[in-house]
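Below: one structure, written as structure tokens.
The values are calculated or read from the model by the stated rules, or taken from the named source; none is laboratory data. Keep in mind the model is a prediction, meaning the values are calculated, not measured. Using ideal geometry, Cβ is built from the backbone for each residue, glycine included, and neighbour counts are taken over all protein chains shown. With ligands, DNA and RNA removed, areas are computed over all heavy atoms of the protein, side chains included. Shrake-Rupley method; radii C 1.70, N 1.55, O 1.52, S 1.80 Å.
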Amino acid sequence: MEFEGTVFKILPVTQGTSARGAWQRQDVVFDVPEGSFSNKLCVTFFNRPDDVAKLKEGLTYKVSINLRSREYNGRWYTDITAWRVQAAQPEMPEPAPMPDFAPMATEEPAYTSHAEADDLPF
């Protein structure tokens with residue numbers, strides 16, 4: 001699944017160690033517009049610190065996610081895990097201002113003789 005949303009808040013990193021080794025997770029809250037309403041969606045980036053480092057609050061991104069639900073003690077929990085993030089619109093550099101040029105002369109220079117105008121070797 002994919003959605004496009006604006007980064008609302010980047011939450012602190014949580015780290016730990018399991019039987020498989022060290023792990024790191026970070027939650028990011030996105031503002032996802034739906035018609036005239038906007039919804040907040042908290043997405044987990046598990047062992048993806050480079051992806052989170054690229055994000056900036058207030059910018060819009062396209063996020064690819066996996067949705068998973070699980071049951072624990074009769075209650076259901078849903079996890080939203082990101083596996084790819086891309087900038088929604090590539091940032092275009094501002095165009096450089098055009099320099100002001102003097103208008104070109106429209107008159108041909110007046111030459112007094114052919115010898116003065118032709119200074120190229122044979």
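Please give the peptides 60-70, 10-20 ranked by average Cβ packing (other Cβ atoms within 10 Å per residue), highest first, as a rough proxy for protection. Could the numbers behind the result be given before it?
Details: 60-70: 13.9, 10-20: 9.3.
Peptide ranking by packing, descending: 60-70, 10-20.
Can you compute 3J(HN,Hα) from phi for each residue in the stretch 7-13, using the Karplus curve 6.51 cos²θ - 1.76 cosθ + 1.60 with θ = phi - 60°, rounded to whole Hz and x for Gly and Pro?
For the stretch 7-13, the Karplus curve yields 5, 8, 7, 9, 8, x, 6 Hz.
In nm, what is the difference between 0.36 nm times the number of residues separating Thr17 and Asn73 and their Cα-Cα distance?
On the way: separation 56, 0.36 × 56 = 20.16 nm, distance 2.50 nm.
Contour length minus the Cα-Cα distance gives 17.7 nm.
Quick one: if the Förster radius is 22 Å, what FRET efficiency do Asn66 and Val32 give, using the C-beta to C-beta distance and rounding to 0.05?
Taking R0 as 22 Å, the efficiency between Asn66 and Val32 is 0.85.
Order the following by accessible area, largest value first: Phe37, Phe8. Probe radius 1.4 Å; ligands, DNA and RNA are ignored.
Numbers: Phe37 150, Phe8 110 Å².
So, going from the largest accessible area down, we get Phe37, Phe8.
Please work out the C-alpha center-to-center distance from the stretch 48-82 to the stretch 1-19 and express it in whole Å.
Between the Cα centres of the stretch 48-82 and the stretch 1-19 lies a distance of 6 Å.
Considering every Cα-Cα pair within the stretch 18-94, what fraction, in whole percent, is farther apart than 17 Å?
In whole percent, the long-distance tail amounts to 56.
Which shape class, rounded, prolate or oblate, goes with the stretch 8-57 when its Cα gyration tensor gives a ≥ b ≥ c as root eigenvalues, a/c under 1.5 marks rounded, and past that a/b bigger than b/c marks prolate?
Because a/c hits 1.5 or more and a/b exceeds b/c, the stretch 8-57 counts as prolate.
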